[in-house]
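Participant: If you scroll down you'll find the structure; I have some questions about it.
The values are calculated or read from the model by the stated rules, or taken from the named source; none is laboratory data. These figures come from a predicted structure and were not determined experimentally. Glycine gets a Cβ as well: all are built from the backbone with ideal geometry, and neighbour counts include every protein chain shown. Areas reflect the complete protein model, heavy atoms only, side chains present, ligands, DNA and RNA absent. Shrake-Rupley method; radii C 1.70, N 1.55, O 1.52, S 1.80 Å.
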Amino acid sequence: MSATSDATRAMRLSLAVGFLMLVLKVGAYVLTGSAAILGDAAESVVHVAAVMFAAFSLGLLNKPADEDHPYGHSKIAFFSAGIEGGLIIVAALFIIYESVRRLLLHLPPANLDKGLALTALTIAINAALGAYLIRTGRRQGSLILEANGKHVLTDVWTSLGAIVGLGLVALTGWHSWDSICGLLMAANIIWTGYGLMRQSIGGLMDTADANLNAALDAALRRETEKHGLKFHALRHRDAGEMHYVEVHLLFDDDIMLRDAHRIATEIETAVQASVTNPVLITTHLECQGDHDELHQHGESSDPHRIRA
C-alpha cells in the first residue's frame, strides 16, 4: 500500500473516531454535569473541526506541482498544524471559563460511576489512535498526521484529567476538585497548542533546522573532499514533505562541463542518501579561478563562506 493511501486511511480513521469520542463525551457530560468532562467534550468538538481541515489539507498536499505552484502544495501542512494548535488553545480557554464558572457557583457533578466508565473508554481508544497517527506521520514524514496525533493525545490528557477530578470528588466529597483538574488540563492543552503553532510559524518562515544543517554540512564535506572540491552557500528550506537544498560547488577552471555535472550528481546522490530527511538537492557549478571576482559585490559572508 502506498504512503498516500496509508495517510488517507489514517486520517479517515481519525475523523471517524473523533465523531465517536464526541458522542461518548457529550453523553458523559449529560450524565454527570462535570466541568472537566464538559471541557473534555469541548476539546472533542474542536478536534473534529481540526481533523476535517487536516483531511482537506492532506488532499491538497498530495496534489502534484502545477504552473501556479511549481514547488507543489506541501506548505499546507504548516497551515494545518497552526490552525490545529490555535483550535486547541481555544478549547483550553473554554475549559478555563467553564471550570471557573462551576467553581464559583459550587456546582457538583453527578452519576460519577457512569461518567468515569465512559471517560475511561475514550482514553483507551484515543491513546491507541494518537500513537498510531504519530507513528504513521513520522514514518511518512507527514506533519499533518503527526500534528493530528498530538491533538488526539491532548484529548487523552483532558480525559485523564476529568477522571482524576471525578475520582477525587468521589473520594473526598469536595466538588471543587472537578474544576481544579479542569484548569490543570487547560494549562497542558495550551502548552501543546503553543508547540504546534510554533512549529507552524517556523515552517512558514523557513526557520533553519540546525540538526539537518549539521548533517548536510558534514555529508558535503565528506563527499567534496573525495573529489578535491570545495563548497559554499549551503541553504535549505522545509516545504512540509520535502527539504529543498541549494549548494554551490567549486571546480577547477579546466574541467569539462560534462565531467563537472557527473561529479555534482554523484555528490547530490550521496548526500541525499546520508540524511534521514527527504531532501532534493540543487547544485550550482562554479569555477574557482574567477569565483571571487564574480561574487565580490553584495554577498553575505556566512552563507557564502567556502568550505574545504
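Participant: Could you please give the count of residues in the stretch 120-142 that are open to solvent by less than 50 Å² (accessible area, probe 1.4 Å), of a type in the set (Ser, Thr, Tyr) and more than 13 Å from the chain's Cα centre (by Cα)?
Facilitator: Within the stretch 120-142, residues that are open to solvent by less than 50 Å² (accessible area, probe 1.4 Å), of a type in the set (Ser, Thr, Tyr) and more than 13 Å from the chain's Cα centre (by Cα) number 1.
Participant: Let me ask another. Within the bounds of the stretch 49-64, is there any residue that is assigned to a loop (DSSP other than H, G, I, E, B), open to solvent by 70 Å² or more (accessible area, probe 1.4 Å) and on the phi > 0 side of the Ramachandran plot?
Facilitator: Checking the stretch 49-64: not a single residue is assigned to a loop (DSSP other than H, G, I, E, B), open to solvent by 70 Å² or more (accessible area, probe 1.4 Å) and on the phi > 0 side of the Ramachandran plot.
Participant: I've got another one for you. Taking the conditions exactly as written (closer than 30 Å to ARG139 by Cα, buried (at least 20 other Cβ atoms within 10 Å of the Cβ) and among the hydrophobic types (A, V, I, L, M, F, W, C)), does VAL245 satisfy them or not?
Facilitator: Details: closer than 30 Å to ARG139 by Cα: yes; buried (at least 20 other Cβ atoms within 10 Å of the Cβ): yes; among the hydrophobic types (A, V, I, L, M, F, W, C): yes.
In short, yes.
Participant: Continuing with this model, one more query. Suppose the filter is open to solvent by less than 30 Å² (accessible area, probe 1.4 Å) and of a type in the set (D, E, K, R); does GLU67 pass it?
Facilitator: no
Participant: Sticking with this structure for a sec: Here are some conditions: (1) open to solvent by 60 Å² or more (accessible area, probe 1.4 Å); (2) touching a Leu at 6+ places or on another chain (Cβ under 9 Å); (3) under 18 Å from LEU153 (Cβ atoms). TRP177 meets all but one. Which one does it not meet?
Facilitator: Every condition holds for TRP177 apart from (3).
Participant: Same structure again: Examine the stretch 196-217 for a residue that is hydrophobic (A, V, I, L, M, F, W, C), open to solvent by less than 40 Å² (accessible area, probe 1.4 Å) and under 30 Å from ILE95 (Cα atoms), and state whether such a residue exists.
Facilitator: Yes, the conditions are met somewhere in the stretch 196-217.
Participant: Go over the candidates GLY27, GLY85, GLY72 one by one and state the one that is more than 22 Å from the chain's Cα centre (by Cα) and either within 30 Å of GLY161 (Cα to Cα) or in the same structural domain as LEU129 (by the TED database) (or both).
Facilitator: Of the residues listed, the single one that is more than 22 Å from the chain's Cα centre (by Cα) and either within 30 Å of GLY161 (Cα to Cα) or in the same structural domain as LEU129 (by the TED database) (or both) is GLY27.
Participant: Can you find even one residue in the stretch 189-203 that is touching a Phe, Trp or Tyr at 6+ places or on another chain (Cβ under 7 Å), among the small types (Gly, Ala, Ser) and under 24 Å from LEU280 (Cα atoms)?
Facilitator: yes
Participant: Can you go through ILE37, ILE83 and tell me which one is touching a residue at least 24 places away in the same chain (Cβ under 8 Å) and either assigned to a loop (DSSP other than H, G, I, E, B) or open to solvent by less than 10 Å² (accessible area, probe 1.4 Å) (or both)? It would help to see each step written out before you state the result.
Facilitator: Values: ILE83 fails: either assigned to a loop (DSSP other than H, G, I, E, B) or open to solvent by less than 10 Å² (accessible area, probe 1.4 Å) (or both).
After ruling out the rest, the residue left standing is ILE37.
Participant: Is one or more of the residues making up the stretch 12-24 surrounded by 19 or more Cβ atoms within 10 Å (Cβ to Cβ), assigned by the TED database to the domain that holds ILE201, modelled with pLDDT of 80 or more and under 15 Å from the mean Cα position of the chain (by Cα)?
Facilitator: no
Participant: Still on this structure, I have one more. Out of LEU234, LEU183, LEU212, I need the residue that is closer than 30 Å to LYS114 by Cβ and touching a residue at least 60 places away in the same chain (Cβ under 8 Å). Which one? Before you say what the answer is, go through the steps one by one.
Facilitator: Values: LEU234 fails: closer than 30 Å to LYS114 by Cβ; LEU212 fails: closer than 30 Å to LYS114 by Cβ.
Unique residue meeting the criteria: LEU183.
Participant: Please go through the stretch 271-295 and give me each residue that is of a type in the set (S, T, N, Q) and either over 24 Å from ALA208 (Cα atoms) or open to solvent by less than 50 Å² (accessible area, probe 1.4 Å) (or both), ordered by number. Spell out the reasoning first.
Facilitator: Residues of the stretch 271-295 that are of a type in the set (S, T, N, Q), as a first pass: 272, 274, 276-277, 282-283, 288.
Once the filter is applied, which keeps residues that are of a type in the set (S, T, N, Q) and either over 24 Å from ALA208 (Cα atoms) or open to solvent by less than 50 Å² (accessible area, probe 1.4 Å) (or both), the stretch 271-295 yields ASN277, THR283, GLN288.
Participant: So which of LEU145, LEU104, LEU168 ends up being loosely packed, with under 15 Cβ neighbours inside 10 Å and modelled with pLDDT of 80 or more?
Facilitator: Every option except LEU104 fails the conditions.
Participant: Condition (residue is in a helix (DSSP H, G or I) and more than 22 Å from TYR194 (Cα to Cα)) applied to the stretch 69-79: is it met by at least one residue?
Facilitator: Taking every residue of the stretch 69-79 in turn, none turns out to be in a helix (DSSP H, G or I) and more than 22 Å from TYR194 (Cα to Cα).
Participant: ALA117 is checked against (1) surrounded by fewer than 17 Cβ atoms within 10 Å (Cβ to Cβ); (2) in contact (Cβ under 8 Å) with a residue 40 or more places away in the chain; (3) within 17 Å of VAL26 (Cα to Cα) and fails just one. What number does that condition carry?
Facilitator: ALA117 satisfies every listed condition except (2).
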